[in-house]
Structures are given as C-alpha cells and as structure tokens.
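Worksheet: one structure, shown below.
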Amino acid sequence: MSISNVHNANGVNNHSSAGATGKNKTAEATGASFAATMNSVTSSNNGTPYTDAEVKRFFAGKPTPMQIAEKAATLGLTKNQITRAMTVGGFGGSNNQTLPAQIEGFVANASNGYAWDANGLLTHTRTSAQAANSERIMPAAQDIRAFYASRPTEDQITAKVKELGLNAAQMVQFQATGIGMDMNKISAHVLETMYVDSANRLGTDIGGGRNGGWTSYFSPTLGRAINKSEMQAFFAGNPSQNQIFQKASELGLGVSAVNNMMIGLGITTAADMNSAYAQMDFNLFQGKDNYSLDQYGHIIPGGGKVFVGNADGSVGSWQPRTSGDGSTTVNTTA
C-alpha cells in the first residue's frame, strides 16, 4: 500500500499471527482458497462463510486499502486470511508474494487505526469519532456502470452517492468508474476539480472557499482524501522544495493542489499565489529539485528540461534533462 496504505511495503515489521487459535492455524496452513478457509473457519464476528465469487465481487469495486481493512476487521480476519482474500480478489496480481509484508506495513502505521489482537485478528484502534468518519464500501464497478447506463442527471448522481453514504473522494472514484475513465489517466487538474465539485455537492467542508485555498485533496495513489491535519503535520517539519515535491509525487498531486494547500495552511499568502505557482511550475518544467510533471500534470521523480543553445549561435531549444545536466542548473552552450 502506498504511503499509509497497503500498496507500500516500506518500513514493515514481520508481525506473526502465531497468536491465532489452533483452528485458524490449521485452516491457514493449507493451500485452500479463501472460500474453503472461510467454510472451515467462519468469520469470528458474524459466523458467515464467504465464497470466492463474493470475495471477487467485493474487490471488483476496487476498494481502497482502508476499505479492505474495514471489511477485514468487521469479519475478524487474520493476516493469512486477508492475504488469501486479496489474492483471490486479484489485488496486486494473482500471486503477489509481498502481500503479507504490505499488510504488516499498513497495520504497523498507527495512524491507520488498526492492530492485531491477542488471537492475531485485525481489530480497530480508532476512536468512535474516527470510526464514524470511516469510508463506506464502494459498490462493484459493474453496478456503478449499470447505474450510469441509465444516463442519470447530475442531481441523480449526487442523490445516489448520498444514498450510498459515500464521501467526496469516493464520489470522484464513483464518477470515474461510471463514465469509464482510467484513474491513472485523469489529469491532476481534472481530479482536483472533480474533488472540489464533489465536496460542494455533498456539503463537505474541505477548507478555503469555492475559488481556492482548499486544505483537503483527493489522492489517487492513496485512494482517499488527504486532510488538513495531515498536511499541517508535514509542513510543520519545514520541508524543502524537494521534500514538498516528493510528498506531492507520493500523493499523486499536481502544482495547483500543492499551491492551494499552502495558501489554505497560511504558508503562502494569497497575494503571492500566482508567483508561487509560477515558480513551482517552472522549477518542475526544468526538473530542478529532481522532480517534474508527467503528461497528466502529476508531479513525478526525475525528468525536466534544459535549454541548449546551438553551436552556430542560433536560438537553441529546450531538451530533456539527462543525468549529466545536474539537478539545479540550466545549461546554455554557445
């Protein structure tokens, strides 16, 4: 999990679920499918077995790591059961050997609000207030597409999202799925616009006003919205421009989102909004600080361009930066 979710295996601990009951360990030691496991060891919380088809249907809705954890904790699953369910669901590939470590990395991050109990079962550690703000499970992609096939109006889409209890970030994903957009190919600006619009339609406070200064944004890599407290904690460390770009890259953000959040947090004044944006945008164009923009406007590592003059003295052109160009200089040659 990436950043604080199950796409990122960085900094993981190798927690063992040896504390699981003997019954759980016996079932998990086999090569059985998730359905076979759940038929012999039904979920500890509601005693209901689940079929492979049901598991695949759940993952067909492209749940976020937080939603997967929510479901697993509700069912009272062990690490091995979660791994098997994710494998059956095709999460990260059908034979992803890194899933156990990725799951551990997610649980080890206390901010995610989960831990293993004495029996090796995933449990909530969040407060009741945090639990109240947890995400609802997204409908399956096929169900979302079926809804959009009826050509709903904007008001009907908003009503449906409210009926499902989805939040603004999920509404972005709901709409992208409904109209067949690949989340990885949506421009940063469009994602920002979709999130702000979704928040307005759902009456969600994301800071700022209707024209900027927002302190919450949808992170396509995280699969949820990042909030003001998370960004305040990051900027409290007085990060360098390179570190800001690195964070934005991890979150899948563009220049506009970074600029808006810095204004909303009071780091950049409204009067400096345009100049701050222009400076960051040009630095990224040049690849200064070792970061640039991809074709969709997302901040990414590497890249950038340098201006190279022609040997005959005529006007040169911007060329892709190479490793020999240096990270903070713009080369001009006569």
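The values are calculated or read from the model by the stated rules, or taken from the named source; none is laboratory data. Just so it is clear, the model here is predicted, and its values are computed rather than measured. Every residue, glycine among them, receives a Cβ derived from its backbone with ideal geometry; neighbour counts consider all protein chains shown. With ligands, DNA and RNA removed, areas are computed over all heavy atoms of the protein, side chains included. Shrake-Rupley method; radii C 1.70, N 1.55, O 1.52, S 1.80 Å.
Figures for the structure shown
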| read-out | value |
| --- | --- |
| Prolate/oblate/rounded label for region 235-291 (Cα gyration tensor, a/c 1.5) | oblate |
| Aspartates and glutamates whose Cα lies under 12 Å from that of residue 185, excluding same-chain neighbours fewer than 8 positions away | 294 |
| Under 18 Å from the Cα of residue 62 - aspartates and glutamates, other chains or at least 8 residues apart | 52, 54, 70, 135, 143, 182 |
| Residues whose placed amide H lies under 5 Å from that of residue 308, excluding near-sequence neighbours | 317, 318, 319 |
| Accessible area of region 155-312 divided out per residue, in Å², using a probe of 1.4 angstrom | 46 |
| Amide H partners (placed H, <5 Å) of residue 217, local residues excluded | 226 |
| Pairs beyond 23 Å (Cα-Cα), from 247/288; 71/162; 79/228; 71/247 | 79/228; 71/247 |
| Compactness of region 173-277 - radius of gyration and Dmax, Cα, Å | 13.5, 40 |
| Cβ crowding within 10 Å averaged over residues, with 269-281, 161-173 ranked highest first | 161-173, 269-281 |
